[in-house]
Amino acid sequence: MGKQEWGFEENHEVHAAAAFSIRNILESIMGNIDEKRSGKPMIHLGHGDPSVYPCFRTHISVEDALVESVRSANFNCYPAGVGIDPARSAIAEHLSKDLPYKIETDDVFLTAGGNHAIEILLTVLARPDANILFPRPNYPVYEARARFSPLEVRHFDLLPENGVKTLADRKTVAIVVINPRNPCGNVYTFDHLKKIAETARELGILVISDEVYAHQVFGDKPFIPMGVFGDIAPVLTLGSLSKRWIVPGWRFGWIAITDPTSILQETGVAGSLKSCLTISADPATVIQGAIPSVIKNTPKSFFLNINKLLKEVADLFFEKIKEVPLVTCPHKSEGSMFSMVMLNIPAFKDIADDTDFCMKLAKEECMILFPGSAVGLKNWVRVSFATEPKVLEEAIERMKTFCLKHAKY
């Protein structure tokens, strides 16, 4: 009897896209972890999720808002594709406080987290032969989603006003700006963001401004929302509760149109966002129901304290990492939860590259870092310093032990 033939088969395109994802990369590294063998508890500095540490717990008013939403029994229903109006209005009002003009309820579209927002944006903008401009280094989910779409990706390494014009053409649709920056921890100035907007206008493209870490800054530069320059070029701002409110598992985000001249309405992009969301996933309605209270009742002191904690560990990391041989951190983080560390690969006797470094570090020291090649910087590693100081100090000691063990001399 012959072998049965089936009309379906493995989807290699899905595998190719997943290879770029943070989860896939971290799962590969974590496969090397053996806490029993090493005798050490795992230290995970590979992602920006400090919620496991008591000092970074979300505020009780946030938790109460969700409990109240559940118990009200008002939010057990299906929501509209774009989200329920009270939540959209609360976010519009929240974002408008930092802008020279008002965002309306209909300018806000709710998503199941920031990653979902990226998926929606790239789906809406994708068309045959279109291309999009990504920063390098970049947040890996942009690369993964673009890989699974017809969009051609073009990366800019230099200041956008100097490097973008040579990359763009009449089929370019958008430029992505991440501020505060994941993975580098830098914060853009007013003048720099204005130049990006002016460049976008000259090229006839829109700006996708990823502001998941909005206001999570602790250096000398203030956070400036890209929407301030929406009258120069249309801006689609991406945000979420995940980082600033320390609830990444809630999976709640948004896309906000900051476009006072209504270019995105006239070109149909706003309508396309609405249509895309009608056939996509929704954030849980009970979380949407909690949003007005979350926005209104989270005290300013909570955010100030989180930024204070982040500054303390960012400063601690920048100073302590100097004690680790064969690595260099050239820039103290000013925002987000990350720093990039350069590896002196030729000085290691048995480390091939940044991925090999992360794999062996996990196996020998029970510690997770994120390889820089996954964000576009080969032979660097991304470190999340959003942890308790004593855990961060222990992590740096483990890095020091590992580097000394594998150094040529």
Original post:
Using a Förster distance of 30 Å, how high is the FRET efficiency between D220 and A347, based on the Cβ-Cβ distance and rounded to 0.05?
Top reply: 0.35
Subject >> Estimated [θ] at 222 nm from DSSP helical runs (n ≥ 4, -39500 (n - 2.57)) normalised by residues in the chain, nearest 500 >> reply: -12000 deg cm²/dmol
Subject >> Order by protection proxy (mean Cβ within 10 Å, highest first), peptides 296-305, 201-210, 142-151 >> reply: 201-210, 142-151, 296-305
**OP:** Heavy atoms only, probe 1.4 Å: what % of the accessible area of region 340-379 goes to carbon and sulfur, would you let me know?
**Re:** 56 percent
Original post:
Name the residues of region 76-98 whose amide N is less than 18 Å from a point 7 angstrom out from the Cα of A281 along the C-beta direction?
Top reply: 78-84
Subject >> Length-normalised contact order for region 203-318 - Cα pairs under 8 Å, 6+ apart - percent >> reply: 23 percent
Subject >> Positive minus negative residues near F318 (Lys, Arg vs Asp, Glu; Cβ under 14 Å) >> reply: -2
**OP:** Work out the FRET efficiency for T401 and A18 from their Cβ-Cβ distance, taking R0 = 25 Å, and round it to the nearest 0.05.
**Re:** 0.15
**OP:** Show me 247-256, 100-109 ranked by packing, highest mean number of other Cβ atoms within 10 Å first.
**Re:** 247-256, 100-109
**OP:** Scan around N131 for amide H atoms under 5 Å from its own, H built in the peptide plane at 1.01 Å from N, and keep only partners 5 or more places away or cross-chain.
**Re:** E152, T172, V173
Original post:
Between H331 and H155, what FRET efficiency follows from the Cβ-Cβ distance if R0 is 22 Å, with the result rounded to 0.05?
Top reply: 0.65
Original post:
Any idea what the dipole of the chain comes to, in debye rounded to 20, about its Cα centre with Lys/Arg Cβ at +1 and Asp/Glu Cβ at -1?
Top reply: 740 debye
Subject >> Relative contact order for the chain, counting Cα pairs under 8 Å that sit 6 or more residues apart, in percent >> reply: 23 percent
Subject >> 16 Å reach of a label modelled at K274, 7 Å along Cα-to-Cβ, counting backbone N of region 60-94 >> reply: 80-86, 88-89
**OP:** Scan the chain and note any complete DSSP helix (H) whose C-alpha atoms cover at least 24 Å along its axis and whose Kyte-Doolittle average is -1.0 or more.
**Re:** 300-320, 389-406
Subject >> Karplus-derived 3J(HN,Hα), 6.51/-1.76/1.60, for each residue of region 205-212, Hz, glycine and proline x >> reply: 10, 9, 10, 9, 10, 7, 10, 4
**OP:** With Rg/Rh (Cα atoms, Kirkwood Rh) in mind, check (i) 0.98; (ii) 1.05; (iii) 1.20 and report the label derived from this structure.
**Re:** (i)
**OP:** Can you list which of the trypsin sites (Lys or Arg not before Pro) found in region 329-402 are DSSP loop residues with at most 10 other C-beta atoms within 10 Å?
**Re:** K349
Subject >> Local net charge near S293, Cβ-Cβ under 10 Å (Lys/Arg +1, Asp/Glu -1) >> reply: -1
Original post:
What is the sum of charges around H47, taking Lys and Arg as +1, Asp and Glu as -1, for the other residues whose C-beta is under 14 Å from the C-beta of H47?
Top reply: +1
Original post:
In terms of solvent-accessible area of protein heavy atoms at a 1.4 angstrom probe, what is the ranking of I295, I60, highest value first?
Top reply: I60, I295
Original post:
How much accessible area per residue does the chain have, in Å², with a 1.4 Å probe?
Top reply: 45 Å²
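The values are calculated or read from the model by the stated rules, or taken from the named source; none is laboratory data. Keep in mind it's a predicted model, so treat the numbers as computed, not measured. Cβ: placed from backbone, ideal geometry, glycine included. Neighbour counts: every protein chain shown. Quick note on the areas: whole protein, heavy atoms, side chains included, nothing else; ligands and nucleic acids left out. Shrake-Rupley method; radii C 1.70, N 1.55, O 1.52, S 1.80 Å.
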